[in-house]
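The values are calculated or read from the model by the stated rules, or taken from the named source; none is laboratory data. Fair warning: this is a prediction, and the values are worked out from it, not measured in the lab. Because the Cβ atoms are built from the backbone with ideal geometry, glycine has one as well, and the counts that use them run over all protein chains shown.
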Amino acid sequence: MKKDILYPLLLSVLLAIAPGVVGAIDAGISYAVFATPEKTYLEINIEVSAASVTFKRVDSVHLQAGVETLILVKKGDQIVNFEKYRLNSPLVGSPQALLDVKRMFIPAGDYTLEISFQDVYDPDNAKVFSTALIVGTGAGVYLTDVLLLRSFRPDNSETPFTKNGYFLEPLPFNFYDRTATMLAFYAEIYHSGKVIAGDSYLIRYTLSQELGNGNTALVSVGSQRKKPSAIDALLVPIDISKLKSGNYSLTVELRNPANELLCSRRVQFQRSNPFLDVAEIELTEDVVEKQFVTDLSEENLRYSLRAISALMAGDEAEILKNILLGADLKSMRYFLFRHFVQADPNNPEQAYFDYMKVAGAADQQFHSGFRYGFETDRGRAYLRYGRPDDLIRVEDDPSAPPYEIWVYYNFPKTKQRNVKFLFYNPTLAGEDFIILHSTARGEINNPRWERDLYKRNAGEQYSGDNYNDATTMQRNVGRNARTFFEDF
């Protein structure tokens, strides 16, 4: 980005060219007009759908597509500025969208913007886009149009996608697919210091669902306060992981200290989230057959289902048990896919792979020789609650078998603090530790855990006068389990 770019005027209009037309280039275009103190320029964001252009193999591994692109800015019949170039995709293993940003200096005025596209490998696959373009500046406090982003990250390098110390990846189609969990937008505010009296002003942004016939439903509201200045940049992320499929609008408002509306901008977008709150009846066989579970072998299916068994309870645990006893692969795939749809409706496939990495680590770490590591009590706790914050393992207590104490300082599952688990290996067989006691609600709570841990000891070593009701042991050399458990 050039360092003299100070006062952008964003128009950011979504212009989808012939979406879904076979044999026609499918391109999303958003354009923006910026102004430095000396001159104005046009910024154009382009995204060409991978499915609408031809990819040719350039070697044994890589593919590439190209689009001949001509950008014209015209005033009547006069060409004020133009750029002609070939937009090439990077070398890729599988087709990917083509992305580009172009900037062109133009003076203030009324113009026609015309962009032509032609597939390098299919000359008949071509499209032309044309629209009126007005370049102007606002009087007084000014809010630019809202630019929707696919993503952003800190980046001080000078690239076409970099602005104010951030890499901003635009979203020309204004469409968030089911893998998107965040909506981000960028806008700028000018001359607020000249117009707004007071120490701060309010920026409010709202998400609303478009219900048709002009009706909307408010989804969420956010706000920021800023100090009046010559220029302010606004970069805001919003969680949309729970946003249902549909048409939406984002409205950004500027309000003075008296809460009076100064100006606002509105941009529309579409959201696809097909698996959010999906009813089981909607997870048809056709839907499941198109998902990642179709590629899993029976061996992988069974392994994966056994890996998630640690998370099952009640009727779900019984259903999974019966599925594993049978040989119906469709039922296995359905159960597995449904579980990860519920875990992450935005990207169940990624949720599956992320979980199986953890399950694989638990399998190796807690493998007992009798069952998978994630089927042991320690493996189950690891998958359900995560890695403990602290752990002590004792193998040299002369009065007890090997045992471990796990500590979780914060336990979000039940919102408890300093939750502890005690696992022990009474049979001394491999690493097959079993749970003896826990302070976590819903887990085994055994008031006699110390007595059970040291049960090889004589009765007179129990604390108290009543042998039958005793729950603790007398202190002795090396007998430190209760000290560890209470003070650890």
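Filtered by the rule that a residue be within 19 Å of Val358 (Cβ to Cβ) and either out of contact with any Ser or Thr (no Cβ under 7 Å at 6 or more places or on another chain) or modelled with pLDDT under 90 (or both), the range 321-338 gives a lone residue, Phe337. Candidates in the range 77-93 are the residues that are free of Cβ contacts under 8 Å to residues at least 24 places away in the same chain and either within 33 Å of the chain's Cα centre (by Cα) or more than 24 Å from Asp26 (Cα to Cα) (or both); of these, the one that is surrounded by the most Cβ atoms within 10 Å (Cβ to Cβ) is Ile79. Out of all the residues in the range 164-211, which are aromatic (Phe, Trp, Tyr) and not assigned by TED's automatic domain parsing to the domain that holds Pro154? If the condition is that a residue be aromatic (Phe, Trp, Tyr) and not assigned by TED's automatic domain parsing to the domain that holds Pro154, then Tyr201, Tyr205 are the ones that fit.
Checking each residue in the range 310-341 for being in a helix (DSSP H, G or I), farther than 25 Å from Asp377 by Cα and of a type in the set (Gly, Ala, Ser) picks out only Ser331.
Among the candidates Leu98, Leu70, the residue that is of a type outside the set (Lys, Arg), surrounded by 15 or more Cβ atoms within 10 Å (Cβ to Cβ) and out of contact with any Cys (no Cβ under 7 Å at 6 or more places or on another chain) is uniquely Leu98.
Among strands (runs of 3 or more DSSP E) entirely within the range 202-259, having at least 3 residues that are surrounded by fewer than 14 Cβ atoms within 10 Å (Cβ to Cβ) and modelled with pLDDT of 90 or more singles out 215-226.
Suppose the filter is part of a strand (DSSP E or B) and touching a helix residue (DSSP H, G or I) at 6+ places or on another chain (Cβ under 9 Å); does Asn125 pass it?
In short, yes.
Mind checking whether some residue in the range 388-406 is assigned to a strand (DSSP E or B), more than 30 Å from the chain's Cα centre (by Cα) and farther than 18 Å from Asp487 by Cβ? For the range 388-406, residues assigned to a strand (DSSP E or B), more than 30 Å from the chain's Cα centre (by Cα) and farther than 18 Å from Asp487 by Cβ: absent. Looking only at the range 128-150, filter to residues that are hydrophobic (A, V, I, L, M, F, W, C) and outside any strand (DSSP E or B); which one of those is surrounded by the fewest Cβ atoms within 10 Å (Cβ to Cβ)? Top of the filtered list is Ala139. Within the range 63-90, the set of residues being at pLDDT below 95 and in a loop (DSSP other than H, G, I, E, B) comprises Gly76, Asp77, Ser89, Pro90.
Right, Ala180: aliphatic (A, V, I, L, M), touching a strand residue (DSSP E or B) at 6+ places or on another chain (Cβ under 8 Å), assigned to a loop (DSSP other than H, G, I, E, B) and under 29 Å from Ser272 (Cβ atoms) or not? Spelling it out, Ala180 is indeed aliphatic (A, V, I, L, M), touching a strand residue (DSSP E or B) at 6+ places or on another chain (Cβ under 8 Å), assigned to a loop (DSSP other than H, G, I, E, B) and under 29 Å from Ser272 (Cβ atoms). The test for being closer than 29 Å to Asp487 by Cβ, buried (at least 18 other Cβ atoms within 10 Å of the Cβ), outside the structural domain of Ala310 (by TED's automatic domain parsing) and at pLDDT below 90 does not hold for Asp377.
Hey, any hits in the range 342-355 for a residue that's under 13 Å from Ala310 (Cβ atoms), within 23 Å of the chain's Cα centre (by Cα) and not in a loop (DSSP other than H, G, I, E, B)?
yes
For Glu289, are the conditions met, namely being within 26 Å of the chain's Cα centre (by Cα) and of a type in the set (Asp, Glu)? Considered against the rule, which asks whether it is within 26 Å of the chain's Cα centre (by Cα) and of a type in the set (Asp, Glu), Glu289 comes out as yes.
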